[in-house]
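Working notes, structure below.
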Amino acid sequence: MAFIPAFSGAKDRAEEGRDKMRAARAFARRGTALPEMLAWLDAVEAEVETRLGDTRKALRLISHAEDILATGEKRATPAWLDWFSADRLAGFKGNTPLIDGQAGAARATLLQVLERSVGAEAKQRAVTLADLAAVAVSEGDPQQACAYSGAALDNLSRYWYATGMERLRTVRQALTQWESLPCVRQLDERLYDWNTTTTVNAMAG
């Protein structure tokens with residue numbers, strides 16, 4: 001719920017997003033939440049603050065989440081919470097410095113995440129690859145950006161994840177100044193084929 005106002009791009013909705021996070025933390029305290037849940041709330045709030053422009057606060061929240069996972073009380077993680085892990089948290093950590101303009105720090109973290117994104121994390125690879133593509137764009141390397149984008153599309157063909165496609169579309173928008181390059185045109189062809197297939201399947205369903 002906090003993501004909705006945070007991702008809206010409307011500055012006047014910032015307090016709405018932060019209020020949702022305060023409510024979530026109040027409920028977590030009432031229910032004596034597991035360390036993993038508290039770390040996840042830090043990760044979510046970090047994403048919210050990143051979208052609202054306070055990347056410094058976001059990085060502090062991620063650091064706090066890392067401390068919780070490292071030193072928190074060890075209890076059995078319930079099955080419904082098995083989707084959050086230190087690796088998933090690292091994905092949040094990579095995206096925040098990327099948006100903050102720290103390309104080197106973002107790349108180092110994202111490459112570590114990519115190396116470990118297997119099994120349950122396979123779906124998240126598309127997001128990580130798209131973020132690496134965005135890092136390449138920020139460094140003026142369209143060839144590398146297209147390579148990572150192509151790998152993300154390969155992953156999406158096996159493990160569909162809407163957030164991954166959303167990140168890819170953002171990367172493509174950032175490649176506008178290089179759209180005459182063959183690699184960008186090839187990326188467009190793949191994205192167009194993907195959109196067409198998705199639309200036809202939706203109509204058929």
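Compared with the dominant principal axis of the Cα atoms in the chain, helix 35-51 is inclined by about 50°. For the chain, the longest principal axis of the alpha carbon atoms and the long axis of helix 142-158 meet at an angle near 70°. Overall form of the range 92-185: oblate. Here a/c, set by the Cα gyration tensor axes a ≥ b ≥ c, is 1.5 or more, and a/b is not larger than b/c.
Each peptide in 178-184, 103-109, 145-151 was scored by the mean count of other Cβ atoms within 10 Å over its residues; highest first, the order is 145-151, 103-109, 178-184.
Over the range 1-84, Cα pairs under 8 Å with separation of 6+ residues give a relative contact order of 29 percent. Using the average count of surrounding beta-carbon atoms within 10 Å as a protection proxy, the listed peptides 126-132, 24-30, 64-70, 171-177 rank, highest first, as 126-132, 64-70, 171-177, 24-30. Local charge for Ala152 was computed over the other residues whose Cβ lies under 12 Å away, with Lys and Arg +1 and Asp and Glu -1, and equals +4. Count charges around Ser138 for me, please; just the other residues with Cβ under 14 Å from its Cβ, Lys/Arg as +1, Asp/Glu as -1. Result for the neighbourhood of Ser138: -2.
The C-alpha atoms of the chain define a longest principal axis, and helix 182-204 lies at about 70 degrees to it. Phi angles across the range 123-131 convert, under the Karplus curve 6.51 cos²θ - 1.76 cosθ + 1.60 with θ = phi - 60°, into 3J(HN,Hα) values of 4, 6, 4, 4, 5, 4, 5, 5, 5 Hz, Gly and Pro given as x.
Taking amide H as placed 1.01 Å from N in the peptide plane, the amide H of Asp54 sits under 5 Å from none that are at least 5 places away or on another chain. Per-residue ellipticity at 222 nm, computed for the chain from helices alone with -39500 (n - 2.57) per DSSP H run of at least four residues, works out to -24000 deg cm²/dmol.
Since every read-out is calculated from the coordinates, none of them should be taken as a lab result. No experiment lies behind these values; they were computed from the predicted model shown. Positions of Cβ are backbone-derived with ideal geometry, glycine not excepted, and every protein chain shown enters the neighbour counts.
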